[in-house]
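Asker: If you scroll down you'll find the structure; I have some questions about it.
The values are calculated or read from the model by the stated rules, or taken from the named source; none is laboratory data. All of these numbers come straight from a predicted model, not from anything done at the bench. Heads up, the Cβs are rebuilt from the backbone with ideal geometry, glycines too, and the neighbour counts pull from every protein chain shown. When the accessible area is computed, the model is the full protein with side chains, heavy atoms only, and any ligands, DNA or RNA have been set aside. Shrake-Rupley method; radii C 1.70, N 1.55, O 1.52, S 1.80 Å.
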Amino acid sequence: MGPFGRIDLAFVTGFEVSQVTQSVRIDRLDGVQLGAELPRGWQGSFALDRGTSVADDFMAQIEQAYLAGQAISPGTLYQYVSEVDGSTSTYQYEGVVFKLSSAGMYRGDAPVAQKLDFFASTRKRV
C-alpha cells in the first residue's frame, strides 16, 4: 500500500530485507562488557523486471505530489512467506518510504532490471 493506494508489483525476481539496529556497548568498571541492539527499523529492496510501468508510475506520482507541495504519507508493505509445512507467514511493515534506486538499463536484447528500495519504521507478524 503506497501513499496513493495499492501497488501490485509484477515480475518480482528478488526480495531482500534486513533489520536496522543501533549498537550500544558498555564497559563496566568491573571489566564486564555489556551490549544491546536497539531496533531502528527495517530496510530492503525488490528486484524486478520491468514488465509494466507500475514502479515508474508509482515513483512519478510520489515525485509529482512532492513538487506540488503535497504531504507524502508513508505506506504499508505486506510480505507473504510460504512455509515448508504449507502455512503462510505474513509480516506487515509500517511507515514505509520508497526509492527507485535503479529505473533500469534499456537494451533490445534483455529485460529491464529495476530495483525498488524501501525503509520501514516497524515490522510485525500479522
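Asker: As an exercise: evaluate VAL12 against (1) closer than 17 Å to LYS115 by Cβ; (2) without any contact (Cβ under 8 Å) to a residue 40 or more places away in the chain; (3) in contact with a Lys or Arg (Cβ under 9 Å, 6 or more places away or on another chain) and give the number of the one condition it does not meet.
Answerer: Answer for VAL12: the failing condition is (3).
Asker: Cβ-Cβ below 8 Å, separation at least six or inter-chain, first residue in the range 57-82 and on the phi > 0 side of the Ramachandran plot, second open to solvent by 70 Å² or more (accessible area, probe 1.4 Å) and modelled with pLDDT of 95 or more: which pairs?
Answerer: none
Asker: While we're on this one: Counting only residues that are surrounded by 10 or more Cβ atoms within 10 Å (Cβ to Cβ) and among the charged types (D, E, K, R), how many does the range 14-25 have?
Answerer: The total comes to 1.
Asker: Follow-up question, since we're still on this one. Which condition from (1) in contact with a Leu (Cβ under 8 Å, 6 or more places away or on another chain); (2) at pLDDT 95 or above; (3) small (Gly, Ala, Ser) is the one that ALA10 breaks?
Answerer: With respect to (1) in contact with a Leu (Cβ under 8 Å, 6 or more places away or on another chain); (2) at pLDDT 95 or above; (3) small (Gly, Ala, Ser), ALA10 is out only on (2).
Asker: Going through the range 95-118 one residue at a time, which ones are more than 17 Å from ALA47 (Cβ to Cβ), within 11 Å of the chain's Cα centre (by Cα) and open to solvent by 50 Å² or more (accessible area, probe 1.4 Å)?
Answerer: Selection gives VAL97 alone.
Asker: Here's a follow-up. Taking strands (runs of 3 or more DSSP E) that fall entirely within the range 7-119, which contain at least 1 residues that are of a type in the set (Val, Ile, Thr)?
Answerer: Filter on the range 7-119 gives 12-27, 75-82, 88-102.
Asker: Collect the residues in the range 26-59 that are surrounded by fewer than 10 Cβ atoms within 10 Å (Cβ to Cβ) and β-branched (Val, Ile, Thr), keeping them in residue-number order.
Answerer: ILE26, VAL32
Asker: Shifting gears a bit: So if I check each of GLN33, GLN79, which one is polar (S, T, N, Q) and under 23 Å from PRO3 (Cα atoms)?
Answerer: Exactly one of GLN33, GLN79 is polar (S, T, N, Q) and under 23 Å from PRO3 (Cα atoms), namely GLN79.
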